[in-house]
1. Can you run down the residue pairs with Cβ atoms below 9 Å, 6 or more apart or on separate chains, where the first is in segment 286-312 and open to solvent by 40 Å² or more (accessible area, probe 1.4 Å) and modelled with pLDDT of 80 or more and the partner is assigned to a helix (DSSP H, G or I) and among the aromatic types (F, W, Y)?
2. Do you know which residues across segment 349-400 are of a type outside the set (K, R), part of a loop (DSSP other than H, G, I, E, B), over 12 Å from the mean Cα position of the chain (by Cα) and under 24 Å from A123 (Cα atoms)?
3. Among the listed residues I109, I119, identify the single one that is open to solvent by less than 20 Å² (accessible area, probe 1.4 Å) and either of a type in the set (A, V, I, L, M, F, W, C) or in contact with a Cys (Cβ under 7 Å, 6 or more places away or on another chain) (or both).
4. Mind checking which residues of segment 7-28 are modelled with pLDDT under 95 and either of a type in the set (D, E, K, R) or loosely packed, with under 14 Cβ neighbours inside 10 Å (or both)?
5. May I ask you to list the residues in segment 15-29 that are among the hydrophobic types (A, V, I, L, M, F, W, C), closer than 15 Å to Y138 by Cβ and not in a loop (DSSP other than H, G, I, E, B)?
6. Among (1) of a type in the set (G, A, S); (2) under 30 Å from I336 (Cβ atoms); (3) at pLDDT 95 or above, which single condition is A190 missing?
7. V69 versus (1) surrounded by fewer than 21 Cβ atoms within 10 Å (Cβ to Cβ); (2) of a type in the set (A, V, I, L, M, F, W, C); (3) touching a residue at least 24 places away in the same chain (Cβ under 8 Å): which is the lone unmet condition?
Amino acid sequence: METALPIAIILVTGLALALVAQWRDWRPPLWAALAVGVVVRVVLMFFAAGDAHQPVDFVNSFKPAGEAVLNGQDPVLASKGGWHFLPTIPYVYGILLWLGIPWEWSGRIVTVVADIVLIPLVAKLAGGPKASLRAFQYALNPLALMVACLHGQVEPVALVFGVAAFVVARGPGAPTPRMDAIAVTRRALADHGWSGLPGWALRTLGQALRPGPGDRAGLKRGAYAGLLMGLALCAKSWPIWLVPGMVLLLPQLRSRIVALFCTGAVPLFFLVTLPVFAGTSISQIPQVIDTIRAIRPIVGEWGWTPHFTGGDWALRADLATFGTYLIYACVVAAIIIWWRADPIDMTLAILLIFMVVTPRLGAQYLLWFMPFLVARPTRFAWPAIIGVSLWAGYGYLYMTQYEDTAWWLLHQDWSRASIVLLPVLLAAMPWGRRNPPEHETAGPAAPTGPARLTSQV
């Protein structure tokens, strides 16, 4: 990469400013953080678009998908499997190419704009007096800058809709207190006994499904949050890990059901309208679905698998299968451990444990947790941010100076070195926030005496 040195200087300077802001507790206004983020991203996009080196998938996968839409073809099938997702983003690629914008720019405009919108969303996600500080720190986050401006990967697009879904689901003001399920069950056992528990459960469900005074507002929040999360899933499939946290942020069971329905409806809409917008024949839709579902078991890029492959990519179905089951087990464990926590913290735990145990990963995956970790930093947040940024930067900036054999030799050491970051990411999980403050889980006091007897009639 010809422009690696000036890009590296910008990234290091930005990281230093973010750390100084943390140390000095700078709280610049949101407009200032947004202005800094826009300027830095435009400058980096200028360097990346004019460089002779362009990322392989950016040219060989994303560009054919956009050209396919421009030519009235299905982007999944026409790109010969290079695009494994719904055609939502290729539609935007196609429009920008139709406007005559060169691909080196049009392919990055989508991700850069999304990453800019993430800056105020991180502030909203953080809330409180330090919201603008968190926005400023995300505006200068090295990993976000490399993924959006250099690589042109679509993670920022998935994140902008996913984080927006969290902001909408949480609603205005402070998070809505929610009674912990374990506490509810214990209270039911104590107040009603085993024989009264089924009736209590039915009454609780009935009350949750019955419209209340604030139900309409909750349903609207659920619908909007679900639509946004559905758009995140249209960009990539991994935002499925964000759904549990979004659902738990909503106030009632009805709003959660609506959110889940809308989340699934959006991808379904883009799938069934392929014949209208992408020129896909109805008979080709099953083939499109199979292509989207197909994930090759390529391992050896990150974590524990490179030590089984010698640091090279390899088609190892055994490692991929074991790693997939390990992900499911650890995600379930994270949900159980952080069930009583703030749903944002639970989501952060899910995304970080995914990075620790996953058998396959591209450097862009590390952006998944970044808005959540920047918005709600933990004790080891900055070691994790700096560590993954250095690792990704080595790949994006230094290794791209080499080709063929030299690149593969560097890759062997680079991929195996990533195992050092696993304990750092594990330490960065929100261990100290597994339980919310007592006032957030206490819930209403159980009725006693005549009031309790009346409630059972």
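The values are calculated or read from the model by the stated rules, or taken from the named source; none is laboratory data. What you see is a predicted model; the values in this text were computed from it and never measured. Don't worry about glycine lacking a Cβ; one is built from the backbone with ideal geometry, like all the others, and counts go over all protein chains shown. Calculation scope for accessible area: heavy atoms of the full protein, side chains included, ligands and nucleic acids excluded. Shrake-Rupley method; radii C 1.70, N 1.55, O 1.52, S 1.80 Å.
1. Short answer, once both residue conditions are applied: D312/W408.
2. In the first step, residues of segment 349-400 are kept if they are of a type outside the set (K, R); the result is 349-359, 361-375, 377-378, 380-400.
Next, from what is left, pick out any that are part of a loop (DSSP other than H, G, I, E, B): 358-359, 361-362, 368-369, 377-378, 380.
Adding the requirement that they be over 12 Å from the mean Cα position of the chain (by Cα) leaves 358-359, 361-362, 377-378, 380.
Once the filter is applied, which keeps residues that are of a type outside the set (K, R), part of a loop (DSSP other than H, G, I, E, B), over 12 Å from the mean Cα position of the chain (by Cα) and under 24 Å from A123 (Cα atoms), segment 349-400 yields P377, T378, F380.
3. Values: I109 fails: open to solvent by less than 20 Å² (accessible area, probe 1.4 Å).
Unique residue meeting the criteria: I119.
4. The answer is W23, R24, D25, R27.
5. Here is the first cut: in segment 15-29, the ones among the hydrophobic types (A, V, I, L, M, F, W, C) are 15-21, 23, 26.
Next cut, closer than 15 Å to Y138 by Cβ only: 15, 17-19, 21, 26.
Residues satisfying the conditions are L15, L17, A18, L19, A21.
6. (3)
7. All conditions are met except number (1).
Residue-by-condition table, conditions (1) under 15 Å from the mean Cα position of the chain (by Cα); (2) surrounded by fewer than 21 Cβ atoms within 10 Å (Cβ to Cβ); (3) at pLDDT 95 or above:
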| position | (1), (2), (3) |
| --- | --- |
| W238 | yes, yes, no |
| L242 | yes, no, yes |
| M246 | yes, no, yes |
| Q252 | no, no, no |
| S255 | no, no, no |
| L260 | no, yes, yes |
| L268 | no, yes, no |
| V272 | no, yes, no |
| P275 | no, yes, no |
